[in-house]
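Colleague: My structure is below; once you've seen it, I'll send some questions.
FYI, it's all coordinate maths here, none of it is from the lab. Only a predicted model underlies this, so the values are computations on that prediction, with no experimental measurement involved. Neighbour counts are summed over all protein chains in view; Cβ atoms, including those assigned to glycine, are modelled from backbone coordinates with ideal geometry.
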Amino acid sequence: MIKIVNIRDVAKAADVSVATVSHVINRNYFVSEHLIKRVNKAIKDLNYSPNLVAGSLRRKKTGTIGLIVPDNSNPFFAELSKNIENSTYLLGYNIFICNSSYDIKRELNNLDMLISKRVDGILIIPETNEDTLIEKAKNSGIPLVLIERNFPNLFLDKILINHFKAGYESANYLIGLGHKKIIFIDRKSDKFHSIERKRGYKQALKDNKIKIDNRLIIRGGKLFVSGYEIVEVLVKSHLDTTAILWFEDIEAIGAINAAKKFGLKVPEDISIVGYGDLSFSKYLVPELTTIYIPIAQIAIEAVKVLNKRIKNPNIKNIITKVIEPELVIRQSTRKIS
C-alpha cells in the first residue's frame, strides 16, 4: 500500500515544526535560507505535493495576481511585465499576464476573467473609461492598482510617470541646441500620458518664446512602422524641421532607418529623441538620445503598493507614486547654428 505523504512527514524529515514547513510553502512569514533549503530538500525527497488550493481556500487568498497590459509585443510593456513578474515571485505570488491589444472590450474580458479566478489583486495599464473601472473594482472587492495612466476622478492606487517632465525636458534640451522647429509625435491624444507629454512640449516652447505650430504635432501609428512612415511623409512633404521627439524608442529606430534610406544623416540633418531608454537604445547607430524611464522601479513600486493593499484592505488613503524620468544624451542629437 502506497503511503500518502503529509506535511507532518515533511516536518519530521526536515527536523522542523509543521508551522515552519507551512511558512516555507506559503511564503507568508520570514524563514531563514538554511531552513528553506532543508524543507525544500525534504519535500523533494518525499515527493510531497502540498494542497495549495485547499490552503488558499482556508486563507481566502489564491496567491495569484493579475496583470493587464495594452500590448505585450511592445518592448516597453514586455520589459515591465518581466520586472513585475520578478517582483511578484519574490513575494510568493503567481501571476496571470493578459494582453488587451488596446481594445476596451478585450480589456473588460480580461478583467472579468481575473475576477472570476479570484486573484488577490490586479495591476492594470488601462484603456477602459474610468466609470467602468470604478464599477468593476467596487463590485469585485479585489484591489486594483493603475500603472502609467491617471483618471483624476478614479479613487484607486496608482503608479504614475511624470510625463510632463519627459515632454518638457526633451523639448527644452533640443531648444538649447538651437532647434526651433521641433516635431512632436503623438500617439493617444486623449490619454493622460499623451496629454501630459504634449503639455510639457508646449510649455518648453512657450518658456523659450517659440510659437506653437500645430502642423508639427503629428499623430503616430504602429511603433517601428510609424517611425519609418512618418519620416517618409516628412521628406516627401518638405516639412521644415530639424528635430523630432518620438513617442517611443522603437519608433525612433524606424525613423533612423528611414532617414538613411532617404539620404538624411542623424544627427547632422535631423536630431532624434526617443522615449523609454530600452536596452537596445545605446546600441543603435547613432546611439539614441532618449528619456530614461526606470521600468524596474515602476514594477517594484506597483507590486509593493498592491501587496500593501492586499494585506491591509482597509487602508483609507489612496496611494499615488510618481516616477521621475531622466534625459539621457547620446549621439542622435546635435547643436545647430
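Colleague: Please compute the Kirkwood hydrodynamic radius over segment 163-293, one decimal place, Å, based on all pairs of different Cα atoms. The partial results should precede the final answer.
Modeller: Working: mean 1/r = 0.0696 Å⁻¹.
Evaluated on segment 163-293, it is 14.4 Å.
Colleague: Separate question: Using a Förster distance of 35 angstrom, determine the FRET efficiency expected from the C-beta separation of Asn109 and Arg219, and round it to 0.05.
Modeller: Working: r = 27 Å, r/R0 = 0.79.
Using R0 = 35 Å, I get an efficiency of 0.80.
Colleague: A follow-up question, please. Antiparallel DSSP bridges in the chain: what percent, to the nearest 5? Present the calculation step by step, with values, prior to reporting the outcome.
Modeller: Values: 3 of 34 bridges.
Counting DSSP beta bridges with both partners in the chain, the antiparallel share is about 10 percent.
Colleague: Taking only Cα atoms, what is the 0 to 90° angle, nearest 10, from helix 249-261's long axis to the longest principal axis of the chain?
Modeller: It is inclined by approximately 40 degrees.
Colleague: Separate question: Quickly estimate the mean residue ellipticity at 222 nm for the chain, helices only: each DSSP H run with n ≥ 4 gives -39500 (n - 2.57), and the total goes over all residues, rounded to 500. It would help to have the intermediate numbers written out before the result.
Modeller: On the way: 12 runs with 154 residues, N = 337.
Result for the chain, helices only: -14500 deg cm²/dmol.
Colleague: Now a separate question. Please report Thr320, Thr62 as a ranked list, fewest other C-beta atoms within 10 angstrom at the top and most at the bottom.
Modeller: Details: Thr320 13, Thr62 17.
Least to most surrounded, the residues fall as Thr320, Thr62.
Colleague: Can you run phi through the Karplus equation (6.51, -1.76, 1.60; θ = phi - 60°) for segment 325-337 and list ³J(HN,Hα) in whole Hz, with x for Gly and Pro?
Modeller: The phi angles translate into x, 8, 6, 10, 8, 10, 10, 8, 10, 8, 7, 10, 7 Hz.
Colleague: Right, here's the next one. Would you mind checking Lys198/Lys308; Lys138/Lys165; Lys136/Lys158 for any pair whose Cα atoms are more than 24 angstrom apart?
Modeller: On the way: Lys198/Lys308 33 Å; Lys138/Lys165 33 Å; Lys136/Lys158 16 Å.
From the list (Lys198/Lys308; Lys138/Lys165; Lys136/Lys158), the Cα-Cα distance tops 24 Å for Lys198/Lys308; Lys138/Lys165.
Colleague: Then there is this: How would you rank 146-152, 40-46, highest first, on the average number of other Cβ atoms within 10 Å across their residues? Intermediate values should be presented prior to the final figure.
Modeller: Working: 146-152: 20.3, 40-46: 15.3.
Highest to lowest by the protection proxy: 146-152, 40-46.
Colleague: How do Glu251, Glu268 line up, fewest other C-beta atoms within 10 Å first?
Modeller: The order, fewest Cβ neighbours first, is Glu268, Glu251.
Colleague: Return the long-range amide H neighbours of Thr62 (sequence gap of 5 or more, or a different chain), with a cut-off of under 5 Å between placed amide H atoms.
Modeller: Amide H neighbours of Thr62, under 5 Å, 5+ apart: Asp120.
Colleague: Would you grab the residues whose amide H sits under 5 Å from the one on Ile161? Only those 5+ places off in sequence or on another chain, please, with H modelled 1.01 Å from N.
Modeller: Correct list: Glu148, Ile323.
Colleague: Sticking with this structure for a sec: Starting from 0.36 nm per residue, how many nanometres of slack lie between Glu135 and Lys236 once their C-alpha separation is accounted for? Don't skip to the end; give the middle numbers.
Modeller: On the way: separation 101, 0.36 × 101 = 36.36 nm, distance 4.83 nm.
Difference between extended and current length: 31.5 nm.
Colleague: Using 0.36 nm per residue of separation minus the Cα-Cα distance, give me the extension gain between Tyr89 and Val328 in nm, one decimal.
Modeller: On the way: separation 239, 0.36 × 239 = 86.04 nm, distance 3.08 nm.
Once the chain is fully extended between Tyr89 and Val328, it gains 83.0 nm.
Colleague: Going by amide H atoms built from the backbone, whose H comes under 5 Å of the H on Ile95, apart from near neighbours?
Modeller: Here Ile65 satisfy the definition.
Colleague: Provide the FRET efficiency to the nearest 0.05 for the Lys181-Tyr283 pair, computing r from the beta carbons and using R0 = 30 Å. All intermediate terms of the calculation are to be shown ahead of the outcome.
Modeller: Details: r = 29 Å, r/R0 = 0.97.
Using R0 = 30 Å, I get an efficiency of 0.55.
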